[in-house]
1. Just checking, how many residues over the range 180-205 are buried (at least 21 other Cβ atoms within 10 Å of the Cβ) and over 30 Å from Lys262 (Cβ atoms)?
2. Would the range 248-263 turn up any residue that is among the small types (Gly, Ala, Ser) and without any contact (Cβ under 8 Å) to a residue 60 or more places away in the chain?
3. Being among the charged types (D, E, K, R) and in contact (Cβ under 8 Å) with a residue 12 or more places away in the chain, is that true of even one residue in the range 124-135?
4. Would you confirm whether any residue within the range 114-123 is over 20 Å from the mean Cα position of the chain (by Cα) and either buried (at least 17 other Cβ atoms within 10 Å of the Cβ) or not assigned by TED's automatic domain parsing to the domain that holds Lys11 (or both)?
5. Return a yes/no flag: does the range 226-242 have any residue that is of a type in the set (A, V, I, L, M, F, W, C), surrounded by 15 or more Cβ atoms within 10 Å (Cβ to Cβ), touching a residue at least 60 places away in the same chain (Cβ under 8 Å) and not assigned by TED's automatic domain parsing to the domain that holds Tyr154.
6. Cβ-Cβ below 9 Å, separation at least six or inter-chain, first residue in the range 40-67 and farther than 20 Å from Val139 by Cβ, second outside any helix (DSSP H, G or I) and modelled with pLDDT under 75: which pairs?
7. If I ask for residues that are surrounded by 15 or more Cβ atoms within 10 Å (Cβ to Cβ) and aromatic (Phe, Trp, Tyr), which ones from the range 57-85 would you list?
8. Tell me the residue from Asn8, Asn49 that is surrounded by fewer than 21 Cβ atoms within 10 Å (Cβ to Cβ), modelled with pLDDT under 80 and either of a type in the set (Ser, Thr, Tyr) or more than 19 Å from the chain's Cα centre (by Cα) (or both), please.
Amino acid sequence: MIYMSRKNIIKIGAFLFLSALFQAFALNNFYTPSGLLSGGLTGIGLIVNNLTGGAFPLAVFLFVANVPLAILGYFNVGKRFTLLSFVNVVLTSLFITIIPQIITLDDILLNAIVGGVILGLGVGLALEAGASTGGTDFVALYMSVKKQKSAGNYMLMLNGLIVMSSAFFFNVDIAVYTLIATFISSQVIDTIHVRYQRVTLAIITSAGDEVVNYLVNNGIHGVTILPAQGGYSRDDKFFIYTVISTYEIKNIEEKIFELDDKAFINVTSSREIFGAFIPAKYD
């Protein structure tokens with residue numbers, strides 16, 4: 001379990017609250033009023049419901065389909081991730097029932113643009129909190145963790161396929177506008193969510209053993225340690241080198257300074273890595 005300060009716990013709670021608020025606001029004020037279609041499991045459920053003539057209710061489909069996807073997320077993305085995703089889904093459902101429609105835009109393109117931006121903010125905040133919005137997001141996050149690629153692009157591909165399939169059963173024009181909203185959401189998500197990106201940490205510290213023990217015992221990334229010497233003080237130091245995912249930076253930085261308040265940390269972007277790098281789960 002990665003070290004978490006009280007400050008980060010409060011941050012996660014705030015992100016989940018805002019995420020649910022943005023999602024519900026976008027759905028109630030832009031998506032539903034303009035008739036925009038849905039991606040994810042809801043979109044698949046609507047298709048299944050249409051093909052079966054209503055014999056397979058949407059609510060039943062969503063429950064049945066979410067179970068295996070939640071299991072996938074639990075074992076392959078993270079246990080805490082799955083729990084926080086459940087909290088996010090519950091909050092979003094609650095806000096959808098209580099947030100009224102207070103904005104009316106007659107232009108469906110404007111609804112797609114504005115709704116896509118706000119929905120993307122909501123999904124991006126959920127991902128930054130270490131959660132998802134449920135459904136096919138479990139698959140997108142699983143692929144993002146395994147391949148270390150953009151979560152937004154995987155969401156765009158999955159939701160794009162679902163929306164295009166919906167076009168055969170519903171309104172083609174609406175499907176195109178929904179694709180526009182989906183593309184905009186994915187771009188906003190990738191602006192906020194950079195968890196799949198990797199960075200190199202170069203740490204100079206006097207507490208070498210403590211820092212290395214923390215990194216080794218609380219992570220799954222390799223650590224290299226070299227003896228060093230302060231150029232001015234001539235004091236013995238340790239030079240510690242490791243590569244981590246961007247989302248781990250804040251927690252690791254806080255812990256290192258807790259162990260050595262005079263430590264020096266240099267963070268540089270790692271565009272490509274060759275060799276073994278095992279991405280940490282969302283827990």
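1. Here the count works out to 7.
2. So the first thing to find is which residues in the range 248-263 are among the small types (Gly, Ala, Ser), and the list is 263.
This time we only want the ones that are without any contact (Cβ under 8 Å) to a residue 60 or more places away in the chain, so: none.
No, the range 248-263 contains no residue that is among the small types (Gly, Ala, Ser) and without any contact (Cβ under 8 Å) to a residue 60 or more places away in the chain.
3. Yes, some residue in the range 124-135 is among the charged types (D, E, K, R) and in contact (Cβ under 8 Å) with a residue 12 or more places away in the chain.
4. Among the residues of the range 114-123, at least one is over 20 Å from the mean Cα position of the chain (by Cα) and either buried (at least 17 other Cβ atoms within 10 Å of the Cβ) or not assigned by TED's automatic domain parsing to the domain that holds Lys11 (or both), which makes the answer yes.
5. no
6. Filtered contacts from the range 40-67: Asn49/Phe56; Asn49/Pro57.
7. Residues satisfying the conditions are Phe61, Tyr74, Phe81.
8. On inspection, the qualifying residue turns out to be Asn49.
The values are calculated or read from the model by the stated rules, or taken from the named source; none is laboratory data. Nothing here was measured: the structure is a model prediction, and the numbers come from that model. Note: ideal-geometry Cβ built from the backbone for every residue, glycine included; neighbour counts use all protein chains shown.
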